[in-house]
Amino acid sequence: MKVDVLESMVVDVPLGDTPPDEQDDLDERNPLDVDLTPNLNLGWINEFAELTTELTASPYEFNELTGLMVASVSLGRNAYIELWDNIYANIYAALISPSTVFHKSTALGRSRDILKRGFLENLLYANDMTYEGLIKMMSRRNAGLIVNNEIHRILGSHNTRYLLNLKPALTDLYDCDKYERELSSGTITIPEPYLCLYGATTPSRFHSSVNYIDWMDGFLVRWLFVLPESDPDFETVPPMRTAAHAQKLNNLAMTLADIAKQRPTSFVLDSEAYDLWNQWRIAGDKRAWSYGDEVVQYITGRYSTYALKFSLILSAVNGSWGQIGTETMQTAIHLTDNYKRNIYRLIEDKSRYAVTGSKVLKVFSIIKREGDPSTSTIMKMANMKKAELTPVLEKMDEAGYIGSNPAGKNGKHGRRYYTLVDAIPVRALR
């Protein structure tokens, strides 16, 4: 049962009007650490997510993001809000969870399926790309969606020489402004870019691919992230698909086809909707400034724009083309805060998965001292769970600091590790 959005039309009170006791709590709590608002009335997005969850057993929150993504790419540049600049509904997003049990790839695949059902397969770009490949692809077709099952390769592209320009290009293209670059083959111009990017990865891959600069330079603060809200559902088995399921999917796809045919329209915010959004934006910016963390400030500022993007999407798919009302804006604000919460969870989880110099040194010392310890021995002596240890071992192996052999017949008992160098360079521990 969905919660009526009018029952919870509460906006953060600006700092100056907050009672002293409550203000102390606000100052101490990370502004991204917001409470989840469940059961939002998202209309078409709910219908898509509920049906896809039934058919795939992937988490509802994954399928909700997929619904937002396919609506976003279907809108293209046909829907925008005129403020300091034109605000379009394009989205960069990623699903982050451990492998296999949460069915990330299945959820990603539904984005391709629904677009093809709506005869919008022309909006699907190639799954992977180099910098030059991306620019050339968009110069031929300015709008589309990249679906990438191993998004850590893009998130960590700064570590690959021939991909060094990819992340700066993605950062620039997000704002949908004219893009022009001089390549070896000549000048490439994308006059009206509209790029959506959707991927998946594991927590360990994510944290080993990104760094602090990715948050500070504006790349990651443009992204939405979803983590599972609960443990994997091992009991539910997806049903056999029926003609009724196919008809429901086709009906949902026709909504996407219809909004893709609309003429470019500047959406109008009701005066109350604009005031609601602006008060929430100001209160969020003040809290972020008071908290004193630059990354929090960047995320808060960028996510105020995501509320506008969500309001465009929700209005378009739910039959309010060209007009954004107060109820829709309130729902968009709650939805944005839910995604802020996901970023907070992701950053807080960093210590479990990030590869740090101290972890590398600890694991290297254990391997060198013990000779050829097994994975389980290292886990015990380093006091690390497998999810935390694995990315450390992978990084050390890639750098050539350690080698390994199967433990037991056919590697039945994992692997045993040995050192290939006498010591790790100090620069590698920074």
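The values are calculated or read from the model by the stated rules, or taken from the named source; none is laboratory data. Note that the coordinates shown come from a computational prediction; the quantities given were computed from them, not determined experimentally. Glycine gets a Cβ as well: all are built from the backbone with ideal geometry, and neighbour counts include every protein chain shown. Ligands, DNA and RNA are stripped out before the accessible areas are found, and what is left, the full protein with its side chains, is counted by its heavy atoms. Shrake-Rupley method; radii C 1.70, N 1.55, O 1.52, S 1.80 Å.
Values for this structure:
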{"read-out": "Lone qualifier among 180, 235 - being part of a loop (DSSP other than H, G, I, E, B) and surrounded by fewer than 20 Cβ atoms within 10 Å (Cβ to Cβ)", "value": "235"}
{"read-out": "Extreme residue, least open to solvent (accessible area, probe 1.4 Å), among residues of the range 186-232 that are in a loop (DSSP other than H, G, I, E, B) and touching a Leu at 6+ places or on another chain (Cβ under 6 Å)", "value": "193"}
{"read-out": "Residue check, residue 399 of a type in the set (A, V, I, L, M, F, W, C), under 31 Å from the mean Cα position of the chain (by Cα) and at pLDDT 85 or above", "value": "yes"}
{"read-out": "Sole residue being hydroxyl-bearing (Ser, Thr, Tyr), closer than 21 Å to residue 143 by Cβ and not in a strand (DSSP E or B), chosen from 53, 66", "value": "66"}
{"read-out": "Residue count, the range 402-430 (criterion: modelled with pLDDT of 85 or more and either among the charged types (D, E, K, R) or surrounded by 15 or more Cβ atoms within 10 Å (Cβ to Cβ) (or both))", "value": "9"}
{"read-out": "Among (1) part of a strand (DSSP E or B); (2) surrounded by fewer than 24 Cβ atoms within 10 Å (Cβ to Cβ); (3) within 22 Å of the chain's Cα centre (by Cα), the one test that residue 95 misses", "value": "(2)"}
{"read-out": "Residue selected from the range 266-278 under the condition touching a residue at least 60 places away in the same chain (Cβ under 8 Å) and surrounded by 15 or more Cβ atoms within 10 Å (Cβ to Cβ), by the criterion nearest to residue 70 (Cα to Cα)", "value": "267"}
{"read-out": "Residue that is farthest from residue 353 (Cα to Cα) [pool: residues in the range 134-147 that are buried (at least 18 other Cβ atoms within 10 Å of the Cβ) and touching a Ser or Thr at 6+ places or on another chain (Cβ under 9 Å)]", "value": "139"}
{"read-out": "Residue count, the range 323-351 (criterion: open to solvent by 10 Å² or more (accessible area, probe 1.4 Å) and either more than 21 Å from the chain's Cα centre (by Cα) or over 26 Å from residue 228 (Cβ atoms) (or both))", "value": "5"}
